[in-house]
Amino acid sequence: MTEFYRPTKAVIDLNAIQQNLQIFKERSGKAEIFAVVKADAYGHGMVEVAQKAVESGVNWLAVATPDEALLLMEHKIEANILVMGHSPAAFIPVAQRAGIAVAAISLDWILQAGAVIDPDLPRLKIHLKVDTGMRRVGVQAEEVREAVQLIRRHFFSFEGLFTHFATADEDRNDLFQRQVKTMAAVVEEINDSSVMIHVSNSAAAIMHPELAFDAVRIGISLYGIAPSSYVENNMPITLAPALGLETEIVHIKRVAAGEAISYGATYRCEQDEWIATLPIGYADGMLRGLQGQEVLVRGKRVPIVGRICMDQCMIRLPEKMPVGEQVQLIGSQAGAQIRIEEWAEKLDTIAYEIPVNLTKRVPRIYC
């Protein structure tokens, strides 16, 4: 086992992930669950999360890139794998050999894949992506008939049909309803019960369980994070956050009133203050915009003062505390809690960005 000498670490609660999976299984009825483990499982650790998902009865894993799929294969994760993003032509025979399903994202892509298919290998597993309004990738609704004809003409196995909702996590739902209507028409046109239909992301699975179809894709909420504040404030379920971020005080000093802290002297002590240094900075994913964000020490909130450095930051304490005192940056301590969503609000961004921006320098510890 690798030893870590710096006290900064992300603690991942795999039981929380299992609990969230169970919630979505119950909410989605007979539908399959895709555990979305792209982007290193949203910063939580792709291999470990995938293993836990499979142990919990999940049959499908979804990733964004071919390389992510191959990493799962290297670790002998026994599940069906779908690459939801672009798969280049060079990956096609690799996917055939490994049994990895890929997304057909355009008519041109289908033709290019068909040109490099290896007939001596198993058929290429295809999930046809339909662009119902996201305008990112996918065939247009009016191209679906031609796309299906091309898929069935080539050495493909037409395994799935899917789309992605752009505004399922928002209160306004005009675009969402148009996407639902468009996809319903596509499903009716194809009329093939052997093709797996999956349209719901986390937000749709939470707010619109009637759209479960054959499978739902659970990404951000697998990790106990609501897709948006609107969903968080209105969802009928309770998710278990899976990630905690903690460190320790490594230095403390009494700083005189009027003295400045850190680069740019953006913070000056209003009185004599106890200032502690933490071994975490923006190179770890604790971005400079978090200056002023609070952390937990002995269950009490204390602020980050001065600019966050690349490797360190400083906090103001109410009293002298020893080196080695535990500090909770995200998560719970002594009945108090700081959530990922709080960081996101401070940074004026979405909660998704917080865990994926925790760099590899922060070890993930699993419990």
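Each value in this text was obtained by applying a stated rule to the coordinates, not by laboratory testing. Every value quoted in this text rests on a predicted model; they were computed, and no experiment measured them. Using ideal geometry, Cβ is built from the backbone for each residue, glycine included, and neighbour counts are taken over all protein chains shown.
What ³J(HN,Hα) values, in whole Hz, does the Karplus curve 6.51 cos²θ - 1.76 cosθ + 1.60 give for the stretch 352-367 when θ = phi - 60°, with x put for Gly and Pro?
Values per residue, Gly and Pro as x: 3, 5, 5, x, 6, 8, 6, 7, 5, 5, 8, x, 9, 10, 9, 9 Hz.
Treat every Asp and Glu Cβ in the chain as -1 and every Lys and Arg Cβ as +1, leave all other atoms uncharged, and give the resulting dipole magnitude about the Cα centre to the nearest 20 debye. Numbers along the way, then the final one.
Working: 36 positive and 45 negative charges, 98 e Å.
Here the size comes out at about 480 debye.
Applying the Karplus parametrisation 6.51 cos²θ - 1.76 cosθ + 1.60 with θ = phi - 60° to the phi angles of the stretch 21-31, what ³J(HN,Hα) value in whole Hz is obtained for each residue in order, glycine and proline being reported as x?
4, 5, 4, 6, 4, 5, 6, 9, x, 7, 5
How many angstrom lie between the C-alpha centres of the stretch 71-106 and the stretch 329-367?
30 Å
Which residues' amide hydrogens lie under 5 Å from the amide hydrogen of I81, considering only partners 5 or more residues apart or on another chain, with H built in the peptide plane?
L61, A101
Pull out the extension gain between E345 and H75, defined as 0.36 nm times the separation in residues minus the alpha carbon to alpha carbon distance; nm, one decimal.
Taking E345 through H75 to full extension adds about 93.6 nm, to one decimal.
Compute the acute angle (0 to 90°) between the alpha-carbon long axis of helix 107-116 and the principal axis of greatest extent of the alpha-carbon atoms of the chain; round to the nearest 10°.
Rounded to the nearest ten degrees, it is 80.
Out of S202, S221, S157, any idea which swings most in a Gaussian network model of the chain, alpha carbons joined below 10 Å?
Its mean-square fluctuation being the largest, the pick is S157.
Report the full-extension gain for the segment A336 to H251: residue separation times 0.36 nm, less the Cα-Cα distance, to one decimal in nm.
That works out to 28.2 nm of additional length.
What do you get for Rg/Rh of the chain when both radii come from the Cα atoms and Rh is the Kirkwood radius?
1.05
Suppose every K and R has +1 on its Cβ and every D and E has -1 on its Cβ; what is the size of the dipole of the stretch 243-366 about the Cα centre, in Debye to the nearest 20?
Dipole magnitude for the stretch 243-366 comes out near 200 debye.
For the chain, what is the mean residue ellipticity at 222 nm derived from helices alone (per DSSP H run of n ≥ 4: -39500 (n - 2.57); sum divided by total residues; nearest 500 deg cm²/dmol)?
Calculated at 222 nm, the ellipticity per residue is -8000 deg cm²/dmol.
With unit charges on the beta carbon (Lys/Arg positive, Asp/Glu negative), name the residue among Q271, V137, T65 whose Cα is farthest towards the positive pole of the charge dipole of the chain.
Result: Q271.
Starting from the amide H of I365, placed 1.01 Å from N in the peptide plane, find each other amide H under 5 Å away whose residue is 5 or more places distant or on another chain.
Amide H neighbours of I365, under 5 Å, 5+ apart: A10, V11, I12.
Going toward the positive end of the dipole of the stretch 31-226, with +1 on Lys and Arg Cβ and -1 on Asp and Glu Cβ, which of I77, H208, P119 do you reach last?
Ranked along the dipole, the leading option is P119.
Rounded to two decimals, what is the ratio between the C-alpha radius of gyration of the stretch 31-112 and 2.2 N^0.38 Å?
1.07
Give the separation of the Cα centroids, the stretch 238-266 to the stretch 134-197, in Å.
Between the Cα centre of the stretch 238-266 and that of the stretch 134-197, the gap is 48 Å.
Count the lysine pairs in the chain whose Cα atoms sit under 22 Å apart, keeping only pairs 8 or more residues apart in sequence or on different chains.
21
So what is log10(I(q)/I(0)) for the stretch 91-193 at q = 0.14 1/Å, when the Debye sum runs over its Cα atoms only?
Debye curve over Cα of the stretch 91-193, log10 I(q)/I(0) at q = 0.14 Å⁻¹: -0.55.
Counting DSSP beta bridges with both partners in the chain, what percentage is antiparallel, nearest 5?
Looking only at bridges with both residues in the chain, the antiparallel portion is about 50 percent.
How many times 2.2 N^0.38 Å is the alpha carbon radius of gyration of the stretch 31-226?
0.98
Report Rg(Cα)/(2.2 N^0.38 Å) for the stretch 136-219, keeping two decimals. Numbers along the way, then the final one.
Values: Rg = 13.3 Å, N = 84, 2.2 N^0.38 = 11.8 Å.
For the stretch 136-219, the normalised Cα radius of gyration comes out at 1.12.
So what are the ³J(HN,Hα) numbers for the stretch 41-46, from phi and the Karplus equation (6.51, -1.76, 1.60; θ = phi - 60°), rounded to whole Hz, Gly and Pro as x?
Result, rounded to whole Hz: 6, 6, x, 8, x, 5.
I'd like the FRET efficiency for L111 and R6, computed as 1/(1 + (r/R0)^6) with the beta carbon distance as r and R0 of 35 Å, rounded to 0.05.
The pair L111/R6 has a calculated efficiency of 0.10.
Please give the direction-averaged projected area of the C-alpha convex hull for the stretch 283-367, in square nanometres with one decimal. Working shown, then result.
Details: hull surface 24.1 nm².
The directionally averaged projection comes out at 6.0 nm².
Sort 312-320, 290-298, 171-179 by packing, meaning the average of other beta carbons within 10 Å per residue, with the highest value first.
Output ranking for 312-320, 290-298, 171-179: 290-298, 312-320, 171-179.
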